[in-house]
Amino acid sequence: LEVTVRNDWSSTLPANDNSYFYPSVSGNFIFTELGLFQGQEVLSFGKVRASWAQVGNDTSPYQLGTTFPVNTPFQGQPLQQVQRESNNPTLKPETTTGIEFGTDLRFFDDRARLSTTWYRDVTRDQILNINVSSATGFNSTLVNAGEIRNQGLEASLTVTPVVTQQLQWDVTANFNRNVNKVVDLAEGISTYTITDAAPDAPTIQAREGEPYGTLVGPA
């Protein structure tokens with residue numbers, strides 16, 4: 001059994017609320033060491049494992065208050081402008097919470113080995129730059145919003161059909177499947193453009209109910 005605790009203080013978050021805590025716990029149990037499994041020749045090793053963890057993430061610098069980007073000097077005079085993105089003085093860190101379960105099994109004196117893992121990760125309070133009316137004096141604003149879920153299954157099977165003093169032949173097959181879904185975005189927003197190009201070119205979007213990074217183009 002292993003337990004970790006971590007606390008970060010980030011200078012890119014509000015000075016009065018820049019601390020965030022995230023723990024984890026994981027463990028494994030080798031059940032074939034129990035007396036119930038002694039004396040049999042089929043299952044030579046068996047282990048189950050599980051974990052729960054949180055991970056925090058802050059943001060880039062200069063995302064809290066108004067900044068004045070420096071432009072190319074004009075006739076030797078420095079030029080600055082008011083940025084077109086409205087920053088957010090109350091930003092919170094992003095948080096990802098994950099759980100994982102797995103097994104490690106070996107059969108017939110390790111001639112066959114099976115490893116499986118099921119996982120589920122949920123990310124909340126993502127820092128998104130969403131569009132706002134230009135009547136506000138800005139084109140976009142930073143908010144904490146959104147929930148993205150990843151869950152999947154990983155499996156690996158290794159079989160050793162030939163073992164001699166001169167040769168060992170291993171055959172391995174892998175299976176992986178991940179299901180990604182945008183569960184929620186900011187209030188009143190069902191589509192968020194991640195990258196944009198020319199007016200008629202495809203864009204990469206996050207859409208509620210669909211995988212993150214959906215490619216969308218005109219008909």
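Scoring T117 on the criteria (1) modelled with pLDDT of 90 or more; (2) surrounded by fewer than 16 Cβ atoms within 10 Å (Cβ to Cβ) leaves a single failure, condition (2). Taking the criterion of being within 12 Å of Q54 (Cβ to Cβ), hydrophobic (A, V, I, L, M, F, W, C) and surrounded by fewer than 13 Cβ atoms within 10 Å (Cβ to Cβ), the residues of segment 1-27 that qualify are V5, F21. Pairs linking a residue in segment 45-74 that is farther than 30 Å from F101 by Cα to a residue that is open to solvent by 50 Å² or more (accessible area, probe 1.4 Å) and not in a strand (DSSP E or B), with Cβ atoms under 8 Å and 6 or more positions apart or on different chains, are P61/S11; L64/P89; G65/P89; T66/V82; F68/Q81; F68/V82; P69/Q81; N71/Q81.
Quick check, is N150 in contact with an Asp or Glu (Cβ under 8 Å, 6 or more places away or on another chain), exposed (fewer than 14 other Cβ atoms within 10 Å of the Cβ) and either at pLDDT 90 or above or part of a strand (DSSP E or B) (or both)? So N150 fails the test.
For segment 191-203, residues that are of a type outside the set (V, I, T), open to solvent by less than 70 Å² (accessible area, probe 1.4 Å) and touching a residue at least 12 places away in the same chain (Cβ under 8 Å) total 2. Of all positions in segment 125-137, at least one carries a residue that is open to solvent by less than 40 Å² (accessible area, probe 1.4 Å), outside any strand (DSSP E or B) and either at pLDDT below 95 or under 26 Å from A50 (Cα atoms) (or both). Annotation note: of A206, A145, A186, A173, the sole residue that is more than 18 Å from the chain's Cα centre (by Cα), closer than 30 Å to G98 by Cβ and surrounded by 15 or more Cβ atoms within 10 Å (Cβ to Cβ) is A186.
Look at T95 and say whether it is in contact (Cβ under 8 Å) with a residue 60 or more places away in the chain, under 28 Å from N178 (Cα atoms), in contact with an Asp or Glu (Cβ under 9 Å, 6 or more places away or on another chain) and open to solvent by 40 Å² or more (accessible area, probe 1.4 Å). When the stated conditions are applied, T95 passes them. Would it be correct to say that S44 is among the polar types (S, T, N, Q), closer than 30 Å to L1 by Cα and in contact with a helix residue (DSSP H, G or I) (Cβ under 9 Å, 6 or more places away or on another chain)? Spelling it out, S44 is indeed among the polar types (S, T, N, Q), closer than 30 Å to L1 by Cα and in contact with a helix residue (DSSP H, G or I) (Cβ under 9 Å, 6 or more places away or on another chain).
L34 meets the conditions (1) at pLDDT 95 or above; (2) under 29 Å from D110 (Cα atoms) in every case but one. The failed one is (1). Residues in segment 181-203 that are in contact with a Leu (Cβ under 9 Å, 6 or more places away or on another chain), closer than 14 Å to L128 by Cβ and assigned to a strand (DSSP E or B): 2 in all. Every test in (1) modelled with pLDDT under 95; (2) under 24 Å from the mean Cα position of the chain (by Cα); (3) not in a loop (DSSP other than H, G, I, E, B) is passed by K92 save one, and that test is (3).
Could you check segment 27-88 for strands (runs of 3 or more DSSP E) lying wholly inside it with 2 or more residues that are under 29 Å from T123 (Cβ atoms)?
43-57
Within segment 209-219, the set of residues being part of a loop (DSSP other than H, G, I, E, B), farther than 30 Å from L114 by Cα, open to solvent by 60 Å² or more (accessible area, probe 1.4 Å) and without any contact (Cβ under 8 Å) to a residue 40 or more places away in the chain comprises E210, P218, A219.
The values are calculated or read from the model by the stated rules, or taken from the named source; none is laboratory data. On a predicted model such as this, the values are computed, not experimentally measured, just so you know. All Cβ positions, glycine included, derive from the backbone under ideal geometry; neighbour counts span all protein chains shown. Side chains are part of the model used for accessible areas, which takes the heavy atoms of the whole protein and leaves out ligands, DNA and RNA. Shrake-Rupley method; radii C 1.70, N 1.55, O 1.52, S 1.80 Å.
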